[in-house]
Amino acid sequence: MNELIVRIAARGDGVTASGRHVPFGVPGDAVLDDGALAYGPHHQEPPCRHFPECGGCQLQHADDEAYCGYLVSRVEGALAQHGLETEIRLPHLSPPRSRRRATLKVGKTGSSTVVGFNAEMSHRIVDMRECHILRPELFELVAPLRALLGDMLQPKRIAEVQLTLIAAGVDVLLKGIPAGRLTEIERLTSFGMDYGLARLSIDRGLGPDTIYEPQPAAVVLSGTPVAFPHGSFLQATEDGERALVEAVSEGVAGAASIADLFAGLGTFALAMKAKYAAEASRDAAAALNRAAPGVNVEHRDLYRRPLDSKELKRFDAVVLDPPRAGAAEQVAALAQSRVGRIAYVSCNPATFSRDAKELVDAGYKLKWVQPVGQFRWSTHVELAACFNR
């Protein structure tokens with residue numbers, strides 16, 4: 001008897017009502033008696049020749065409706081594990097070719113140089129010849145980088161290229177490429193000039209050295225120029241950043257005094273006109289401090305030293321944007337505080353739901369969750385959520 005796919009599992013397999021996992025199934029597909037998959041209305045033709053070999057995307061075969069359903073189900077499932085329910089809003093999806101940062105691998109296959117993402121569940125590099133997720137400004141550098149780096153690679157070693165689109169162009173950071181000879185430095189400098197890079201740097205293992213930077217590297221956040229230290233965090237897409245800022249703005253609306261915790265370069269502190277911002281990265285905290293003299297910026301590791309309930313008394317609302325590990329230590333302190341509103345931004349539904357459970361048990365109400373699909377066609381889920389007392 002045929003079985004219908006009813007949902008997409010966390011890692012991208014289709015799942016039937018009986019719990020059977022089927023690779024590349026989406027809701028509406030049917031698993032036939034012989035095991036073949038009959039495509040339903042939400043199964044689309046993957047746009048990229050590298051799918052599913054390339055590990056950059058796992059869900060190009062799902063149309064937007066199915067992908068939105070996947071994002072919602074990931075959040076619902078994570079909350080349900082902790083006995084939580086709330087309104088989960090229609091996800092925001094970043095469009096194709098909108099991702100403004102990526103880390104690519106560079107290596108040798110025989111006499112050829114390959115540049116791209118790793119293959120799914122593998123260290124093998126898929127040589128990128130097209131890409132439907134990267135901004136064109138990033139993808140247009142792939143072929144020139146392939147030509148530039150081939151004879152700079154160390155034998156049998158994999159190098160890394162970090163690409164980030166910032167205000168003045170693309171910031172390129174190379175790792176695992178020695179490039180210590182004068183001729184190599186000259187080639188890299190010429191490359192930066194020829195392709196109009198914002199900055200080109202090399203990390204030989206002791207931290208980044210800038211090779212080319214015609215003007216100080218910076219990003220613009222809520223209209224404010226902020227210096228961009230090497231390797232700094234930036235939301236993956238511009239529209240995704242706007243969606244998160246809008247959600248956070250709604251979450252802290254009406255608050256007179258706002259703290260931004262895990263503030264980074266100030267994506268939310270600047271948008272919310274926060275009074276206080278805490279960030280563990282010394283370089284990021286310094287950049288935000290220079291850009292926003294009206295914000296009290298503290299270089300502070302909130303895992304080791306979270307704000308306690310006494311410090312939190314100063315604020316009507318708190319914005320949290322922690323790494324994937326979540327914010328257990330800071331949430332424990334918030335649970336004992338009188339802060340009225342919390343806007344929580346997360347890139348991990350599991351740790352978010354763990355932290356949400358502690359806040360709800362302490363008397364907060366989880367009002368809504370806004371999923372954001374910045375990493376289109378991937379299994380990576382981001383969200384913003386609102387809590388209040």
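Each Lys and Arg Cβ is given +1 and each Asp and Glu Cβ -1; about its Cα centre, the range 152-208 then shows a dipole of about 240 debye. Under the criterion of Cα pairs below 8 Å and six or more residues apart, the relative contact order for the range 1-88 equals 21 percent.
Summarising the label geometry, the points placed 7 Å from Cα in the beta-carbon direction at residue 34 and residue 121 lie 2.5 nm from one another. Note: relative contact order over the range 337-389, using C-alpha pairs below 8 Å and six or more positions apart, is 50 percent. The Cβ shell under 15 Å around residue 121 holds other residues with a net charge of 0, Lys and Arg each +1, Asp and Glu each -1. How high is the relative contact order of the chain? Use alpha-carbon pairs under 8 Å, at least six apart in sequence, and give a whole percent. Taking the mean separation of contacting Cα pairs over the length of the chain, I get 14 percent.
Summarising the amide proton neighbourhood of residue 276: residues at separation of 5 or more, or on other chains, whose placed amide H is nearer than 5 Å comprise 258, 260, 296.
The charge dipole of the chain, taken about the Cα centre with unit charges on the Cβ atoms of Lys, Arg (+1) and Asp, Glu (-1), comes to about 1040 debye, rounded to the nearest 20. Set the bar at 18 Å for Cα to Cα. Now go through 275/310; 108/175; 310/367; 275/357 and name every pair that lies beyond it. Among 275/310; 108/175; 310/367; 275/357, the Cα-Cα distance tops 18 Å for 310/367; 275/357.
The HN-Hα couplings worked out from phi for the range 229-238 by the Karplus form 6.51 cos²θ - 1.76 cosθ + 1.60 (θ = phi - 60°) are x, 3, x, 5, 7, 9, 3, 5, 9, 5 Hz, whole numbers, x standing for Gly and Pro. Placing +1 on the Cβ of every Lys and Arg and -1 on the Cβ of every Asp and Glu, with no other charges, gives the range 208-323 a dipole of roughly 520 debye about its Cα centre.
Any read-out appearing in this document is the output of simple, stated calculations on the displayed coordinates, not a laboratory observation. Source: prediction; values computed, not measured. A quick note on method: Cβ atoms are made from the backbone with ideal geometry, for glycine too, and the neighbour counts reach across all protein chains shown.
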